[in-house]
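Asks: Next up is a structure, given as structure tokens.
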Amino acid sequence: MSDSTQVLVSGGGPVGLAAAVELGQRGISCLVVEPRREVSRARPRCKTINVRTMEHARRWGIADRIRAAAPLSAQWSKDLVFATTLSGFTLSRFSGVFGLEPEGDRFPEIGQQAGQFYLEEVLREVVDELPSATLELGSRVTGLEQDDSGVRVTISDASSNERVVEAEYVLGCDGPRSAVRDAIGAQYTGSDAGLPNFGMVFRAPELWKLVAHGRAVQYWIVNPFAPGVMGPLDGEELWWAGFMGVDRERGERDGTTLLRYAIGAETPIEVLSTDPWVATMQRANVNQRGRVFLAGDASHLNPPFGGHGLNTGIGDAVDLGWKLAAVLDGWGGLALLDSYDAERRPVHAKVIEEALANMGVLPTELMNPDNAVEGPAGDAARAKADAKIQETKRREFHAVDFVLNLGYGDSPIVVPDERPDAGSGARPGFRLPHAYLKSGASIFDELGTGMTLLALSGEPAPDWEAACRDRGVPLSVLDLSAEAVGDHYGAEFVLVRPDQHVAWCGDVLPQAVDNAIDVVRGAARQKETV
């Protein structure tokens, strides 16, 4: 085991592994320290890999591997159902949920339903394949000290043997009980919803014979005895469930009974694991101290409604990963690292706000004793429930707009758009709008691994190329003059960052090209670009 590395990642869950992939594919040496030797399938809190995360997976070249590992394809089901019980009355149905259907050329990868452990297992394999990345299992970070030259990280193995690893930077991706967060003196601020919840994973080999609503990725159960959400993990016999208002004591005592109330019939059930939890809205008061950064649950916690938690953490890993690589490769300025908090903290706040809005109507708010009765009274109650569900829950399950519009408009490392007639195309700080080229290729597949300048009219950009060359900034120039995408982007030139976000766009190159590139690489202030 090496006693030094460029980046040490504490925590080998999906966020820490994603950071290692982002760094490792850029040739940065990184060590991931993770106490769990095996990936646990006991508590797969995340079940939704959203469109944006799948776009990153495509960029890493592993989107197909993730889909192959996930038992539930979009063809298996794109639906979500509200019902009195699994075997009872349907109250409402949504189709094309969670980005599981294409929307023209809006994105090249649809979402993927998969328990968190499927993603984590694939990411472990990918990290193991990277020459510059090492995954150390069975150990944990127990402390760190830093100065201007680096970070000395204390690592303890399962036998309490300690060693010290020297790192240039450290990423704390070690969850809610983060040792890295404690070590830098950061603290959560915020609150929790106060309502207890109880999750389970269970095996029910005969359950599909009882399901009255057809296939769905989630079933929201609306009855007074077991309000909650449940869904398939493998499409065969493995299921997950979460019941609202149920504390640990009751869940451990009555878990099987709750499941039978939710199913509405008797069937063989084997509870495999339990997971009591409380919806939490918290953020770390700082995400960086010197050379140490926080990402994922170590940085922020939000209620799970909408499926944004893990995906937000992957976004953290991507944002920080390419920036660290740029600094370590010598072309990124230190302001690039300072921009991590400036870009991601507002995103964390928006995600928490969105999740809270999604909590506004839960199964407990939809109760009506007539929902489960035959006849006119039942029909009327179910129609009323359907109308309320469609009105209040559609945004939660059709959240592609929210996901793709999370951007960094106020970022200190993007050049503000000074075009007086800037439209809805490319916007500095935001994800590059997707398009398919005449060849059928995704424009995302044509972007370079560093900065990419889109030349929509084919005009040369020698000043920009020279400025990047002088600073060692990797730049690809993509001539799109033969493509019919000029109106799509609304500018003659678009500079795209490694994370597919727009750094600058305009109809003419800026007068101070040198200062503009210094802004986007974190070596100048925005006002210097005028």
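Asks: Is it the case that Ala326 is surrounded by 20 or more Cβ atoms within 10 Å (Cβ to Cβ), among the hydrophobic types (A, V, I, L, M, F, W, C), under 17 Å from the mean Cα position of the chain (by Cα) and at pLDDT 95 or above?
Replies: When the stated conditions are applied, Ala326 does not pass them.
Asks: For region 183-214, how many residues meet the condition of being surrounded by 21 or more Cβ atoms within 10 Å (Cβ to Cβ) and among the aromatic types (Phe, Trp, Tyr)?
Replies: The number of residues fulfilling the criteria is 2.
Asks: Can you tell which of Leu272, Leu238, Leu294, Leu259 is within 28 Å of the chain's Cα centre (by Cα) and buried (at least 22 other Cβ atoms within 10 Å of the Cβ)?
Replies: Just a single option satisfies the conditions, and that option is Leu294.
Asks: Just the residues that are over 22 Å from the mean Cα position of the chain (by Cα), part of a loop (DSSP other than H, G, I, E, B) and surrounded by fewer than 23 Cβ atoms within 10 Å (Cβ to Cβ), please, taken from region 85-129.
Replies: Ser87, Gly88, Phe89, Gly104
Asks: With the condition kept exactly as written, say whether any residue in region 486-494 is free of Cβ contacts under 8 Å to residues at least 60 places away in the same chain and either crowded, with 17+ Cβ neighbours inside 10 Å or touching a Cys at 6+ places or on another chain (Cβ under 9 Å) (or both).
Replies: yes
Asks: From the list Ala279, Ala317, exactly one residue is of a type in the set (Gly, Ala, Ser), in a strand (DSSP E or B) and within 20 Å of the chain's Cα centre (by Cα). Which is it?
Replies: Ala279
Per-residue answers, yes or no, for (1) touching a residue at least 40 places away in the same chain (Cβ under 8 Å); (2) surrounded by 15 or more Cβ atoms within 10 Å (Cβ to Cβ):
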residue: Ala385; (1), (2): yes, yes
residue: Leu406; (1), (2): yes, yes
residue: Glu418; (1), (2): yes, no
residue: Ala455; (1), (2): no, yes
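Quick grid of which residues meet (1) modelled with pLDDT under 95; (2) surrounded by fewer than 22 Cβ atoms within 10 Å (Cβ to Cβ); (3) in a helix (DSSP H, G or I); (4) not small (Gly, Ala, Ser):
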site	(1), (2), (3), (4)
Val7	no, no, no, yes
Gly16	no, no, yes, no
Ala20	no, no, yes, no
Gly27	no, yes, no, no
Val32	no, no, no, yes
Arg43	yes, yes, no, yes
Thr53	no, no, yes, yes
Arg65	no, yes, yes, yes
Ala68	no, yes, yes, no
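Asks: Condition first: polar (S, T, N, Q) and in contact with a Gly (Cβ under 9 Å, 6 or more places away or on another chain). Now tell me which residues in region 364-410 satisfy that.
Replies: If the condition is that a residue be polar (S, T, N, Q) and in contact with a Gly (Cβ under 9 Å, 6 or more places away or on another chain), then Thr364, Asn371, Thr392 are the ones that fit.
Asks: Out of the residues in region 30-86 that are in contact with a helix residue (DSSP H, G or I) (Cβ under 8 Å, 6 or more places away or on another chain) and of a type in the set (Gly, Ala, Ser), state the one that is nearest to Ala158 (Cα to Cα).
Replies: So, considering only residues that are in contact with a helix residue (DSSP H, G or I) (Cβ under 8 Å, 6 or more places away or on another chain) and of a type in the set (Gly, Ala, Ser), the one nearest to Ala158 (Cα to Cα) is Ser40.
Okay, residues lined up against (1) over 20 Å from Ala317 (Cα atoms); (2) in the same structural domain as His308 (by TED's automatic domain parsing); (3) among the aromatic types (Phe, Trp, Tyr):
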| residue | (1), (2), (3) |
| --- | --- |
| Ala19 | no, yes, no |
| Gly24 | no, yes, no |
| Ser29 | no, yes, no |
| Arg45 | no, yes, no |
| Arg52 | no, yes, no |
| Asp79 | yes, no, no |
| Phe89 | yes, no, yes |
| Asp105 | yes, no, no |
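Asks: Six or more apart or on different chains, Cβ atoms under 6 Å: show the pairs whose first residue is in region 63-75 and at negative phi and whose second is in a loop (DSSP other than H, G, I, E, B).
Replies: As it stands, the answer is Ala63/Glu109; Ala70/Ala114; Pro71/Asp234; Pro71/Gly235; Leu72/Gly235; Ala74/Leu100; Ala74/Ile110, since those pairs meet every condition given.
Asks: Follow-up question, since we're still on this one. Being of a type in the set (Gly, Ala, Ser), free of Cβ contacts under 8 Å to residues at least 60 places away in the same chain and surrounded by fewer than 21 Cβ atoms within 10 Å (Cβ to Cβ) narrows it down to one residue among Ala335, Ala349, Ala357, Ala342; which is it?
Replies: That would be Ala357, the only listed residue that is of a type in the set (Gly, Ala, Ser), free of Cβ contacts under 8 Å to residues at least 60 places away in the same chain and surrounded by fewer than 21 Cβ atoms within 10 Å (Cβ to Cβ).
Asks: Residue check, Gly190 against (1) at pLDDT 95 or above; (2) out of contact with any helix residue (DSSP H, G or I) (no Cβ under 7 Å at 6 or more places or on another chain); (3) in a strand (DSSP E or B), all met but one. Which one?
Replies: With respect to (1) at pLDDT 95 or above; (2) out of contact with any helix residue (DSSP H, G or I) (no Cβ under 7 Å at 6 or more places or on another chain); (3) in a strand (DSSP E or B), Gly190 is out only on (1).
Asks: Within region 240-259, is there a residue that is of a type in the set (A, V, I, L, M, F, W, C) and part of a helix (DSSP H, G or I)?
Replies: Checking region 240-259: at least one residue is of a type in the set (A, V, I, L, M, F, W, C) and part of a helix (DSSP H, G or I).
Asks: To continue, here is another question. Looking at region 215-235, can you tell me whether even one residue there is among the acidic types (Asp, Glu), assigned to a loop (DSSP other than H, G, I, E, B), surrounded by fewer than 23 Cβ atoms within 10 Å (Cβ to Cβ) and within 29 Å of the chain's Cα centre (by Cα)?
Replies: Yes, because at least one residue in region 215-235 is among the acidic types (Asp, Glu), assigned to a loop (DSSP other than H, G, I, E, B), surrounded by fewer than 23 Cβ atoms within 10 Å (Cβ to Cβ) and within 29 Å of the chain's Cα centre (by Cα).
Asks: Then there is this: For region 148-178, how many residues meet the condition of being buried (at least 21 other Cβ atoms within 10 Å of the Cβ) and not in a strand (DSSP E or B)?
Replies: Looking only at that region, the number is 3.
The values are calculated or read from the model by the stated rules, or taken from the named source; none is laboratory data. Computed from a predicted model, the values in this text were never measured in an experiment. Because the Cβ atoms are built from the backbone with ideal geometry, glycine has one as well, and the counts that use them run over all protein chains shown.
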